[in-house]
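A.B. asks: The following block contains the structure, expressed as C-alpha coordinates.
The values are calculated or read from the model by the stated rules, or taken from the named source; none is laboratory data. All of these numbers come straight from a predicted model, not from anything done at the bench. Ideal geometry is used to build each Cβ from the backbone, glycine not excepted, and the neighbour counts take in all protein chains shown. Ligands, DNA and RNA are excluded from the accessible area calculation, which covers all protein heavy atoms including side chains. Shrake-Rupley method; radii C 1.70, N 1.55, O 1.52, S 1.80 Å.
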Amino acid sequence: MNVLILTDSDLDGSGAALLINKLYSSAKVRIEEVFKSDLFGLLKSRRTELELYDVVYLLDIDPELESIPHLSKPNFVIIDHHETHMEKKKLYKECKVIVEVYESCAKLIYDKFKMAKMFNNPELDSLIKAINGYDCYSLDHPDSLKLNAIHRTYNRPKAPKFINSFSEGLRPYTDQERNSIKIYFTKLKNTIDAIEPVALEYKGDKIVAALCSFGINEVAHYMLKTYKAQCCLLVNIAPKMVSIRCTEDANISACLLAETLGDGGGHIKSAGCKLTDKTIKFIELFQPC
(Lines give C-alpha, C1' and ligand atoms only; values in the text may rest on other atoms or scores of the structure.)
Protein backbone atom coordinates (compact mmCIF):
# COMPACT_ATOMS: atom_id res chain seq x y z
CA MET A 1 0.00 0.00 0.00
CA ASN A 2 1.34 3.43 -0.97
CA VAL A 3 0.38 6.39 1.21
CA LEU A 4 1.21 10.07 0.74
CA ILE A 5 0.88 12.54 3.61
CA LEU A 6 0.76 16.24 2.71
CA THR A 7 0.98 18.29 5.87
CA ASP A 8 1.53 21.80 7.18
CA SER A 9 5.08 22.77 8.16
CA ASP A 10 4.41 23.74 11.79
CA LEU A 11 4.57 21.63 14.96
CA ASP A 12 0.92 20.61 14.72
CA GLY A 13 1.36 19.53 11.10
CA SER A 14 4.32 17.37 12.07
CA GLY A 15 2.39 15.87 14.98
CA ALA A 16 -0.58 15.09 12.74
CA ALA A 17 1.72 13.42 10.19
CA LEU A 18 3.37 11.40 12.95
CA LEU A 19 0.01 9.96 13.99
CA ILE A 20 -1.15 9.08 10.48
CA ASN A 21 2.24 7.51 9.83
CA LYS A 22 1.76 5.29 12.90
CA LEU A 23 -1.56 4.09 11.53
CA TYR A 24 0.22 2.76 8.42
CA SER A 25 3.15 0.95 10.00
CA SER A 26 3.06 -1.81 7.36
CA ALA A 27 2.61 0.50 4.34
CA LYS A 28 5.01 2.53 2.24
CA VAL A 29 4.51 6.08 3.46
CA ARG A 30 5.85 9.30 1.93
CA ILE A 31 5.59 12.53 3.91
CA GLU A 32 5.77 15.99 2.34
CA GLU A 33 5.29 19.45 3.78
CA VAL A 34 3.28 21.98 1.85
CA PHE A 35 2.33 25.60 2.39
CA LYS A 36 -1.27 26.57 1.81
CA SER A 37 -0.13 29.05 -0.85
CA ASP A 38 1.69 26.28 -2.76
CA LEU A 39 -1.02 23.62 -2.54
CA PHE A 40 -2.90 24.47 -5.73
CA GLY A 41 0.27 24.40 -7.83
CA LEU A 42 1.29 21.05 -6.32
CA LEU A 43 -2.11 19.46 -6.92
CA LYS A 44 -2.25 20.69 -10.51
CA SER A 45 1.31 19.85 -11.54
CA ARG A 46 1.35 16.39 -9.93
CA ARG A 47 -2.22 15.32 -10.70
CA THR A 48 -1.24 12.07 -12.45
CA GLU A 49 1.25 11.09 -9.74
CA LEU A 50 -1.25 11.72 -6.94
CA GLU A 51 -3.77 9.39 -8.57
CA LEU A 52 -1.29 6.50 -8.22
CA TYR A 53 -1.33 6.56 -4.40
CA ASP A 54 -3.79 4.32 -2.58
CA VAL A 55 -4.51 7.16 -0.20
CA VAL A 56 -3.40 10.80 0.02
CA TYR A 57 -3.86 12.67 3.30
CA LEU A 58 -4.04 16.45 3.51
CA LEU A 59 -3.45 17.48 7.12
CA ASP A 60 -3.78 20.75 9.04
CA ILE A 61 -4.40 22.91 5.97
CA ASP A 62 -7.46 24.97 5.06
CA PRO A 63 -7.10 25.05 1.25
CA GLU A 64 -8.04 27.85 -1.11
CA LEU A 65 -11.28 27.31 -3.02
CA GLU A 66 -9.39 26.68 -6.26
CA SER A 67 -7.73 23.62 -4.71
CA ILE A 68 -10.95 21.84 -3.70
CA PRO A 69 -11.80 20.29 -7.12
CA HIS A 70 -8.29 18.78 -7.20
CA LEU A 71 -8.76 17.37 -3.69
CA SER A 72 -12.17 15.90 -4.47
CA LYS A 73 -10.84 12.50 -5.47
CA PRO A 74 -11.71 9.04 -4.07
CA ASN A 75 -8.20 8.45 -2.70
CA PHE A 76 -7.98 11.75 -0.77
CA VAL A 77 -8.62 12.17 2.97
CA ILE A 78 -8.87 15.74 4.28
CA ILE A 79 -8.31 16.26 8.02
CA ASP A 80 -8.26 19.76 9.49
CA HIS A 81 -9.33 21.76 12.55
CA HIS A 82 -9.50 25.37 11.29
CA GLU A 83 -12.81 27.14 11.75
CA THR A 84 -12.65 28.77 8.32
CA HIS A 85 -12.50 25.31 6.73
CA MET A 86 -15.97 24.40 8.03
CA GLU A 87 -17.73 26.46 5.35
CA LYS A 88 -16.00 24.48 2.60
CA LYS A 89 -16.90 20.96 3.80
CA LYS A 90 -19.97 20.77 1.57
CA LEU A 91 -17.89 21.61 -1.52
CA TYR A 92 -15.88 18.38 -1.46
CA LYS A 93 -16.96 15.48 -3.65
CA GLU A 94 -15.91 11.81 -3.37
CA CYS A 95 -13.02 12.31 -0.91
CA LYS A 96 -13.31 11.60 2.81
CA VAL A 97 -13.47 14.73 4.95
CA ILE A 98 -12.81 15.03 8.68
CA VAL A 99 -13.03 18.75 9.38
CA GLU A 100 -14.03 19.83 12.88
CA VAL A 101 -13.29 22.92 14.94
CA TYR A 102 -10.67 21.58 17.33
CA GLU A 103 -7.73 22.89 19.34
CA SER A 104 -5.23 21.20 17.02
CA CYS A 105 -5.16 18.80 14.09
CA ALA A 106 -2.97 16.35 16.00
CA LYS A 107 -5.46 16.19 18.88
CA LEU A 108 -8.35 15.79 16.42
CA ILE A 109 -6.67 12.76 14.83
CA TYR A 110 -5.65 11.34 18.21
CA ASP A 111 -9.21 11.54 19.51
CA LYS A 112 -11.05 10.66 16.30
CA PHE A 113 -9.08 7.44 15.78
CA LYS A 114 -9.09 6.64 19.52
CA MET A 115 -5.32 6.35 19.45
CA ALA A 116 -4.95 6.57 23.23
CA LYS A 117 -6.62 3.15 23.44
CA MET A 118 -4.99 1.86 20.26
CA PHE A 119 -1.41 2.44 21.40
CA ASN A 120 -1.79 2.69 25.19
CA ASN A 121 1.37 4.78 25.25
CA PRO A 122 1.69 7.49 27.98
CA GLU A 123 4.66 9.05 26.16
CA LEU A 124 2.64 9.45 22.95
CA ASP A 125 -0.26 10.84 24.93
CA SER A 126 2.06 13.38 26.54
CA LEU A 127 3.51 14.35 23.15
CA ILE A 128 0.08 15.09 21.69
CA LYS A 129 -0.89 17.12 24.75
CA ALA A 130 2.31 19.16 24.38
CA ILE A 131 1.64 19.78 20.67
CA ASN A 132 -1.98 20.66 21.37
CA GLY A 133 -0.95 23.04 24.14
CA TYR A 134 1.24 24.95 21.74
CA ASP A 135 -1.09 25.03 18.73
CA CYS A 136 -4.03 26.45 20.69
CA TYR A 137 -1.53 28.28 22.91
CA SER A 138 -3.08 27.18 26.17
CA LEU A 139 0.45 26.14 27.20
CA ASP A 140 -1.11 23.74 29.69
CA HIS A 141 1.70 21.26 29.12
CA PRO A 142 5.19 22.08 30.47
CA ASP A 143 6.91 20.94 27.26
CA SER A 144 4.84 22.86 24.70
CA LEU A 145 7.28 25.74 24.25
CA LYS A 146 10.33 23.47 24.45
CA LEU A 147 8.96 21.08 21.82
CA ASN A 148 8.20 23.94 19.46
CA ALA A 149 11.71 25.34 20.02
CA ILE A 150 13.20 21.99 18.96
CA HIS A 151 10.88 21.76 15.95
CA ARG A 152 11.98 25.21 14.77
CA THR A 153 15.62 24.08 14.61
CA TYR A 154 14.87 21.43 11.96
CA ASN A 155 15.61 22.27 8.35
CA ARG A 156 12.74 21.60 5.97
CA PRO A 157 11.22 19.17 5.55
CA LYS A 158 10.66 19.24 9.30
CA ALA A 159 7.96 16.56 9.63
CA PRO A 160 10.15 13.50 8.79
CA LYS A 161 12.83 14.70 11.22
CA PHE A 162 10.27 15.25 13.95
CA ILE A 163 8.78 11.80 13.36
CA ASN A 164 12.19 10.16 13.53
CA SER A 165 12.92 11.94 16.82
CA PHE A 166 9.58 11.49 18.58
CA SER A 167 7.89 8.51 16.91
CA GLU A 168 7.32 6.81 20.26
CA GLY A 169 6.26 9.95 22.07
CA LEU A 170 7.78 12.52 24.40
CA ARG A 171 11.13 11.51 25.89
CA PRO A 172 14.06 13.12 27.74
CA TYR A 173 15.78 15.67 25.54
CA THR A 174 19.26 15.15 24.16
CA ASP A 175 22.09 17.58 24.93
CA GLN A 176 21.72 19.03 21.44
CA GLU A 177 17.98 19.54 21.92
CA ARG A 178 18.50 21.20 25.32
CA ASN A 179 21.01 23.54 23.68
CA SER A 180 18.49 24.33 20.93
CA ILE A 181 15.89 25.21 23.56
CA LYS A 182 18.37 27.53 25.30
CA ILE A 183 19.29 29.27 22.03
CA TYR A 184 15.62 29.69 21.15
CA PHE A 185 14.70 31.41 24.40
CA THR A 186 17.76 33.66 24.22
CA LYS A 187 16.76 34.77 20.72
CA LEU A 188 13.17 35.22 21.88
CA LYS A 189 14.30 37.55 24.69
CA ASN A 190 16.38 39.60 22.25
CA THR A 191 13.41 39.81 19.86
CA ILE A 192 11.08 41.05 22.60
CA ASP A 193 13.63 43.61 23.78
CA ALA A 194 13.80 45.06 20.24
CA ILE A 195 10.03 45.35 19.73
CA GLU A 196 8.70 48.88 18.98
CA PRO A 197 4.92 48.52 19.38
CA VAL A 198 2.15 50.78 18.10
CA ALA A 199 -1.50 50.69 19.15
CA LEU A 200 -5.03 51.53 17.99
CA GLU A 201 -8.51 51.41 19.52
CA TYR A 202 -10.76 49.47 17.15
CA LYS A 203 -14.31 48.21 17.72
CA GLY A 204 -13.91 48.57 21.46
CA ASP A 205 -10.65 46.63 21.55
CA LYS A 206 -7.06 47.74 21.90
CA ILE A 207 -4.88 46.41 19.08
CA VAL A 208 -1.10 46.42 19.32
CA ALA A 209 1.17 45.86 16.34
CA ALA A 210 4.87 45.50 15.62
CA LEU A 211 7.41 44.12 13.18
CA CYS A 212 8.40 40.58 14.12
CA SER A 213 9.93 37.61 12.32
CA PHE A 214 10.61 35.25 15.22
CA GLY A 215 8.61 33.56 17.97
CA ILE A 216 5.26 34.90 16.77
CA ASN A 217 3.06 33.20 19.37
CA GLU A 218 5.41 34.02 22.24
CA VAL A 219 5.84 37.65 21.19
CA ALA A 220 2.08 38.08 20.69
CA HIS A 221 1.41 36.59 24.13
CA TYR A 222 3.93 39.01 25.66
CA MET A 223 2.47 42.05 23.88
CA LEU A 224 -1.15 41.24 24.71
CA LYS A 225 -0.27 40.86 28.37
CA THR A 226 2.20 43.76 28.67
CA TYR A 227 0.08 46.35 26.87
CA LYS A 228 -3.28 45.03 28.14
CA ALA A 229 -4.55 44.61 24.59
CA GLN A 230 -7.22 42.36 23.10
CA CYS A 231 -5.60 41.89 19.69
CA CYS A 232 -2.05 41.77 18.35
CA LEU A 233 -0.80 42.11 14.76
CA LEU A 234 2.76 41.00 14.03
CA VAL A 235 4.13 41.89 10.60
CA ASN A 236 6.84 39.78 9.00
CA ILE A 237 8.27 41.80 6.11
CA ALA A 238 10.35 39.09 4.38
CA PRO A 239 7.46 36.73 3.45
CA LYS A 240 4.98 39.66 3.60
CA MET A 241 2.75 37.98 6.16
CA VAL A 242 0.74 39.20 9.14
CA SER A 243 -0.01 37.04 12.18
CA ILE A 244 -3.05 37.97 14.28
CA ARG A 245 -3.74 36.86 17.85
CA CYS A 246 -6.74 37.78 20.03
CA THR A 247 -7.59 37.25 23.69
CA GLU A 248 -10.62 35.32 24.90
CA ASP A 249 -12.52 38.55 25.72
CA ALA A 250 -11.79 40.28 22.39
CA ASN A 251 -14.67 41.66 20.35
CA ILE A 252 -12.57 41.19 17.22
CA SER A 253 -12.42 37.84 15.40
CA ALA A 254 -8.86 37.14 14.28
CA CYS A 255 -9.98 35.07 11.29
CA LEU A 256 -12.45 37.72 10.09
CA LEU A 257 -9.85 40.45 10.49
CA ALA A 258 -7.35 38.33 8.55
CA GLU A 259 -9.89 37.76 5.78
CA THR A 260 -10.70 41.48 5.61
CA LEU A 261 -7.10 42.71 5.61
CA GLY A 262 -5.40 40.18 3.38
CA ASP A 263 -7.54 37.27 2.18
CA GLY A 264 -6.38 35.19 5.14
CA GLY A 265 -8.05 32.99 7.70
CA GLY A 266 -7.60 30.73 10.69
CA HIS A 267 -9.32 30.63 14.05
CA ILE A 268 -11.34 33.20 16.00
CA LYS A 269 -8.36 33.80 18.29
CA SER A 270 -5.47 32.99 15.95
CA ALA A 271 -5.16 33.74 12.24
CA GLY A 272 -2.88 35.04 9.51
CA CYS A 273 -2.99 36.87 6.21
CA LYS A 274 -0.88 38.40 3.47
CA LEU A 275 0.66 41.84 3.94
CA THR A 276 -1.48 43.82 1.49
CA ASP A 277 -1.93 47.53 0.78
CA LYS A 278 -5.10 47.34 2.85
CA THR A 279 -3.14 45.95 5.80
CA ILE A 280 -0.47 48.65 5.50
CA LYS A 281 -3.07 51.45 5.38
CA PHE A 282 -4.74 49.99 8.47
CA ILE A 283 -1.49 49.83 10.45
CA GLU A 284 -0.60 53.41 9.41
CA LEU A 285 -3.48 54.51 11.65
CA PHE A 286 -1.67 53.16 14.73
CA GLN A 287 0.21 55.37 17.20
CA PRO A 288 3.32 54.53 19.30
CA CYS A 289 2.48 52.92 22.65
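A.B. asks: Starting from the Cα of LYS240, step 7 Å along the direction of its Cβ; do the same at LYS89; then give the gap between the two resulting points in nm.
C.D. replies: 3.5 nm
A.B. asks: Let me ask another. For the pairs LYS107/LYS146; LYS88/LYS278; LYS22/LYS117, flag any whose C-alpha to C-alpha distance is greater than 21 Å.
C.D. replies: As for pairs spanning more than 21 Å Cα to Cα, those are LYS88/LYS278.
A.B. asks: To continue, here is another question. Rounded if a/c is under 1.5, else prolate if a/b beats b/c, else oblate: with a ≥ b ≥ c from the C-alpha gyration tensor eigenvalues square-rooted, which is region 203-289?
C.D. replies: On the way: a/c = 1.29, a/b = 1.17, b/c = 1.10.
Note, shape of region 203-289 comes out rounded.
A.B. asks: Kindly write out, for region 6-18 in residue order, the coupling ³J(HN,Hα) from the Karplus curve 6.51 cos²θ - 1.76 cosθ + 1.60 (θ = phi - 60°), rounded to whole Hz, with x marking Gly and Pro.
C.D. replies: Coupling constants for region 6-18: 9, 9, 5, 8, 8, 4, 5, x, 5, x, 5, 5, 4 Hz.
A.B. asks: Round to the nearest 10 and report in Å² the accessible area of THR48, as given by a 1.4 Å probe over the protein chains' heavy atoms.
C.D. replies: 90 Å²
A.B. asks: Using a simple charge model, +1 on the beta-carbon of Lys and Arg, -1 on the beta-carbon of Asp and Glu, nothing else, what dipole does region 155-289 show about its Cα centre, in debye to the nearest 20?
C.D. replies: My answer is approximately 320 debye.
A.B. asks: Continuing with the same structure: Roughly how many debye, to the nearest 20, is the charge dipole of the chain about its Cα centre, given +1 on each Lys and Arg Cβ, -1 on each Asp and Glu Cβ, and no other charges?
C.D. replies: On the way: 38 positive and 39 negative charges, 79 e Å.
The dipole of the chain has a size of about 380 debye.
A.B. asks: Given R₀ = 22 Å, FRET efficiency for ARG156-HIS221 by Cβ-Cβ distance, to 0.05?
C.D. replies: Once rounded, the FRET efficiency stands at 0.30.
A.B. asks: Quick check: residue separation of GLU201 and LEU256 times 0.36 nm, minus the Cα distance between them. What number comes out in nm? Please list the in-between numbers first.
C.D. replies: Numbers: separation 55, 0.36 × 55 = 19.80 nm, distance 1.71 nm.
Result: 18.1 nm gained on full extension.
A.B. asks: Suppose the chain between ASP140 and PHE214 were pulled fully straight at 0.36 nm per residue; how much longer would it get relative to their current alpha carbon spacing?
C.D. replies: The ASP140-PHE214 span can extend by a further 24.5 nm.
A.B. asks: Here is a further query. Label region 44-92 by shape, choosing from rounded, prolate and oblate, from the square roots a ≥ b ≥ c of the eigenvalues of the Cα gyration tensor; if a/c is under 1.5 it is rounded, and otherwise prolate applies when a/b is larger than b/c, oblate when it is not. Mind showing how you got there, number by number?
C.D. replies: On the way: a/c = 2.16, a/b = 1.71, b/c = 1.26.
Since a/c reaches 1.5 and a/b is larger than b/c, the shape of region 44-92 is classed as prolate.
A.B. asks: Now for a separate question. Sort 11-19, 64-72 for me by packing, meaning the mean count of neighbouring Cβ atoms within 10 Å per residue, highest on top.
C.D. replies: Going by the mean number of other Cβ atoms within 10 Å, highest first, we get 11-19, 64-72.
A.B. asks: Still on this model: What nm value, rounded to one decimal, do you get for the distance between ASP249 and LEU52 when each label is placed 7 Å out toward the C-beta?
C.D. replies: Reported label-point gap for ASP249 and LEU52 is 5.8 nm.
A.B. asks: In addition: Taking the alpha-carbon set of region 130-256, what are its Rg and Dmax in Å?
C.D. replies: 16.0, 48
A.B. asks: For region 184-284, what % of the accessible area comes from carbon and sulfur atoms, probe 1.4 Å?
C.D. replies: After summing per-atom areas, the C and S share lands at 55 percent.
A.B. asks: Right, here's the next one. Which residues' amide hydrogens lie under 5 Å from the amide hydrogen of MET241, considering only partners 5 or more residues apart or on another chain, with H built in the peptide plane?
C.D. replies: Residues meeting the criterion, in which the H sits 1.01 Å from N, are ASN236, LEU275.
A.B. asks: At R0 = 35 Å, how high is the FRET efficiency between LYS278 and ALA116 if r is their beta carbon distance? Nearest 0.05 is fine.
C.D. replies: Efficiency for this residue pair is about 0.20.
A.B. asks: While we're here: Relative to the longest principal axis of the chain, what angle (0 to 90°, nearest 10) does the C-alpha long axis of helix 175-194 take?
C.D. replies: Taking the Cα atoms of the chain, the angle to 175-194 is about 30 degrees.
A.B. asks: In terms of Cα to Cα distance under 18 Å, which aspartates and glutamates are near enough to LYS274, apart from those fewer than 8 places away along the same chain?
C.D. replies: Once the sequence-local aspartates and glutamates are set aside, what remains near LYS274 is ASP8, ASP10, ASP38, ASP62, GLU64, GLU66, GLU259, ASP263, GLU284.
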